[in-house]
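None of the figures in this text is laboratory data; all of them are computed from the coordinates on show. All values reported here derive from a predicted model rather than from experimental measurement. Reconstructed Cβ throughout: ideal geometry from the backbone, glycine too, with neighbour counts over all protein chains shown.
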Amino acid sequence: MGVGFVLAMVGCDAILGLNESTLGDAGSSSMQDGSVGPGTDTGAAGSGDGGPATGMDSTVDQGEGGPDASASDSPGTSDGSAGTGADGAGGEAGCAVACPSGTCTAGRCLTILATLPNGSVGGIALHAPNVYFTDYVNGDVLSVPMAGGTVVTLATTQDTPEAIAADATNVYWANSAALLKMSQAIGPITTLASGQNPTQIAVDANNIYWTDSWDGTVLRAPLTGAGPVTTLASGAISGNAWGIAIDGANVYWTDNNAGTSVCLVASVPLDGGQPHTLASAQVSTEDLAVNPTRVFWANSGTGANSGSVMSGPLDGGVPTVIASAQLAPNGVAVDDTSVYWTNTVGLFGGPVGGTLLKAPLDGGAVTTLATMEDNPSTVLVDGTSVYWITVKDVRKLTPK
């Protein structure tokens, strides 16, 4: 594995919350989105509140607020100046790791890597040494060191950028109707495909792949920008292809008919061929991720505490329940031992405050990593830390 670099985006039915984050104690009842980890390829966080109204991932966090926000609302402080990635003056005693610029609770260090005052974080990707993210209101593509530091603006005046991915040399993102790339050295922007309605994206060494929630298609285009767009799969049950992940052989995606039990998880070879249904009768499928043997996905459910985190064999079979009775699971990531996910709140009249959780790959005790999150969505992991986005923040927690 290890060939895929993928994006992340905000949650399917997210309704904006107002709470700040605190960490939860452990023990309560992938790499992903451009990250590179041992033996793991992953997918983009899936979401979709109200369907593809913007031509992108139509969650409340995607396009809501519009591109007319003040240019002064740039990442960092409330006055528009660049952030430094620091959350507090210093670490606290008892943290399992050094925490010089974060807040230490229950042995873990929480660092706010970046804050967008507009509440407009659209997507997130990892590729050492940076975290990459988008501001869909101001139209910016940005980066910040994974260790914390100054936020750098890579591209501006983009048309609602959300989904984002990265590899060793380039950053890739989806605008409202196009897929683009740019050198991490802030070189010229290359259009890889236009006239599209991209939702989630993933890249490998040769191609960019994306889902189109408007017509239910899964597509591919070469990274050179000089080739045709190829349709790999079409005719999704709901016409709402959503989350995406890749490995060395296949593209995996979720088909999200929000609020129903007619959703599915499917795959198709990277070079095209016959699509294969891996799981059917799922309920509001969102994000997904893969490891060398299994695919993992989130079902946001149809009511309070009706969501679940699931897994199944890469070639299909009986799904396994990793966690049930969850409040609107959204983002999903995996590493060698655990599944990580976010619960987004406000969908079904549940309690205020989203959560970040993890459980063993085969299921078992659920550990709460963070609580009172402001509608968390995409979650990513590397060898030591877990990263996620909320409505306005890019966050990191160490150890994971």
How much net charge surrounds MET310 when only the other residues with a Cβ under 13 Å from the Cβ of MET310 are counted, with Lys and Arg +1 and Asp and Glu -1?
-2
Compute the relative contact order of region 195-337 as a whole-number percentage, counting only Cα pairs closer than 8 Å that sit 6 or more residues apart in sequence.
14 percent
Cβ under 14 Å from ASN170's Cβ, ASN170 left aside: what net charge do those residues give with Lys, Arg +1 and Asp, Glu -1?
-1
When the chain is fully extended, how far beyond the present Cα-Cα distance does ALA226 get from VAL318, taking 0.36 nm per residue of separation?
29.0 nm
To the nearest 20 debye, what charge dipole does region 270-400 have about its Cα centre, counting +1 at the Cβ of each Lys and Arg and -1 at the Cβ of each Asp and Glu?
280 debye
By counting other Cβ atoms within 10 Å of each Cβ, how are HIS127, HIS276 ranked from fewest to most?
HIS276, HIS127
If you rank THR260, THR105, THR160, THR134 by fewest surrounding Cβ atoms within 10 Å, what's the result?
THR260, THR105, THR160, THR134
ALA128-ALA168 pseudo-label distance in nm [points 7 Å out on the Cα-to-Cβ vector]:
1.3 nm
For ALA323, distant residues with modelled amide H under 5 Å away:
VAL309
How would ARG294, ARG108, ARG395 line up from fewest to most surrounding beta-carbon atoms within 10 angstrom?
ARG294, ARG108, ARG395
Using θ = phi - 60° and the Karplus form 6.51 cos²θ - 1.76 cosθ + 1.60, what ³J(HN,Hα) does each residue of region 156-161 get, whole Hz, x for Gly and Pro?
10, 6, 7, 8, 6, x
Region 294-400: C-alpha gyration tensor shape, a/c 1.5 cut-off, then a/b vs b/c
oblate
Stretched fully, the stretch from VAL262 through SER280 gains (0.36 nm per residue minus C-alpha distance, one decimal, in nm) 5.8 nm
For region 94-104, take each phi angle, set θ = phi - 60°, evaluate the Karplus expression 6.51 cos²θ - 1.76 cosθ + 1.60, and give the result in whole Hz per residue in order, putting x for glycine and proline.
x, 6, 6, 9, 4, 9, x, 10, x, 10, 9
Quick calc: nm separation of the 7 Å Cα→Cβ label points for THR156 and THR302 -> 4.9 nm
